[in-house]
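Enquirer: Mind looking over this structure? Questions follow.
The values are calculated or read from the model by the stated rules, or taken from the named source; none is laboratory data. Keep in mind that this is a model prediction, so the values were computed, not measured. All Cβ positions, glycine included, derive from the backbone under ideal geometry; neighbour counts span all protein chains shown. Calculation scope for accessible area: heavy atoms of the full protein, side chains included, ligands and nucleic acids excluded. Shrake-Rupley method; radii C 1.70, N 1.55, O 1.52, S 1.80 Å.
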Amino acid sequence: MADVKISAEVRKEFGKGAARRLRREDKVPAVIYGHGGDPVHVALPGYDLMMAMKNSNVLITLDIEGRQELVIPKAVQREAIRGFLVHVDLLVVEKGEKVTVEIPVHTEGELAPGSHLLEHVLSTLPVEAEATHIPEEVTVSIEGLAAGDSVLAKDIPLPKGSSLAVDGETVVLNILSAQAEEPTAGEAEGELGAE
């Protein structure tokens, strides 16, 4: 899990106009929530935040005018076309505290021989883990699975210290049978005429 340090400055102006001015300065407006305290509105350096957000479930140490705060991203808003960061909600966490996060599910191995398709019912798995030890991903072996097989949440090996935050019977992956399309009337006649 990535641990990144970013400097933040407390925002005094709010609203769309203030947010636009921040973005023109390559800063991202953010709000820090958690632990019963009042929300803190901050501005974060756009490039540093963008690089940090490339890691899923990144743990960020914010330096807010000399005070250190440990946070994880809770909600991220991106611009629809270009994908740049528009706004981020951050959740305050403490060492040893358990948090629920979504972890990407990756597969390894080959399906059984034949025409099989892999369906990702869940591309991320809800997991509860210690805030300072959030796994980056879980890997599932699909070696030899055939049509009709499924991988349930309870079947996925989790890193030490992590537990499922979803029902164990939840289907994560399905193996489907590839279905050939029936030939259209014109194609079927063409095949008969060629004989």
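Enquirer: Tell me what the chain gives for mean residue ellipticity at 222 nm when only DSSP H runs of n ≥ 4 count, each as -39,500 (n - 2.57), the sum divided by the residue total, rounded to 500 deg cm²/dmol. Let's see the in-between values first.
Expert: Details: 3 runs with 25 residues, N = 195.
Value at 222 nm, helices only, nearest 500: -3500 deg cm²/dmol.
Enquirer: How much of the DSSP bridge set in the chain is antiparallel, in percent, rounded to the nearest 5? Working shown, then result.
Expert: Details: 37 of 51 bridges.
Around 75 percent antiparallel, to the nearest 5.
Enquirer: Same structure again: Suppose the chain between residue 177 and residue 68 were pulled fully straight at 0.36 nm per residue; how much longer would it get relative to their current alpha carbon spacing?
Expert: Working: separation 109, 0.36 × 109 = 39.24 nm, distance 5.30 nm.
Gain on extension, residue 177 to residue 68, equals 33.9 nm.
Enquirer: As a quick test, which of the pairs 95/160; 54/74; 5/98; 98/154 have an alpha carbon distance above 18 angstrom in this structure?
Expert: Numbers: 95/160 16 Å; 54/74 14 Å; 5/98 21 Å; 98/154 20 Å.
Pairs exceeding the cut-off: 5/98; 98/154.
Enquirer: At 1.4 Å probe size, put 95, 54 in order of accessible surface, largest to smallest. Don't jump to the answer; show the numbers that get you there.
Expert: Details: 95 165, 54 140 Å².
The most accessible residue leads, giving 95, 54.
Enquirer: How do 137, 79 rank by accessible surface area computed with a 1.4 Å probe, from largest to smallest?
Expert: 137, 79
Enquirer: Full extension from residue 20 to residue 87: what is 0.36 nm times the residue separation minus their Cα-Cα distance, to one decimal in nm? Before the final figure, lay out the partial values.
Expert: On the way: separation 67, 0.36 × 67 = 24.12 nm, distance 1.08 nm.
Roughly 23.0 nm would be gained on extension.
Enquirer: Report, in debye and to the nearest 20, how large the dipole of the chain comes out about its Cα centre when Lys and Arg carry +1 and Asp and Glu carry -1 on their Cβ. Walk me through the intermediate numbers first.
Expert: Details: 18 positive and 33 negative charges, 360 e Å.
Computed about the Cα centre, the dipole is about 1720 debye.
Enquirer: On a 1.4 Å probe surface of the protein chains, which of 130, 94 comes out largest in accessible area, and what is the full order? Can you show the working numbers first?
Expert: Working: 130 60, 94 105 Å².
The ranking, largest first, comes out as 94, 130.
Enquirer: Heavy atoms of the protein only, probe of 1.4 Å, neighbouring chains included. What is the accessible area of residue 84 in Å², nearest 10?
Expert: 80
Enquirer: Would you calculate the separation in nanometres between label points at residue 47 and residue 130, each defined as 7 Å from the Cα along the Cα-to-beta-carbon direction?
Expert: Calculated label separation equals 3.5 nm.
Enquirer: If you don't mind, another one. In square nanometres, what is the average projected area of the Cα convex hull of the chain? Can you show the working numbers first?
Expert: Values: hull surface 68.9 nm².
Mean shadow area of the hull around the Cα atoms is 17.2 nm².
Enquirer: Once Lys and Arg get +1 and Asp and Glu get -1 on their Cβ, which of 41, 123, 161 lies farthest toward the positive end of the dipole of the chain?
Expert: 41
Enquirer: Further question on the same structure: Mind giving me the FRET efficiency for residue 35 and residue 146? R0 is 41 Å, r the Cβ-Cβ distance, nearest 0.05 is fine. Intermediate results must be reported in sequence, preceding the final value.
Expert: Values: r = 49 Å, r/R0 = 1.19.
After rounding to 0.05, the efficiency reads 0.25.
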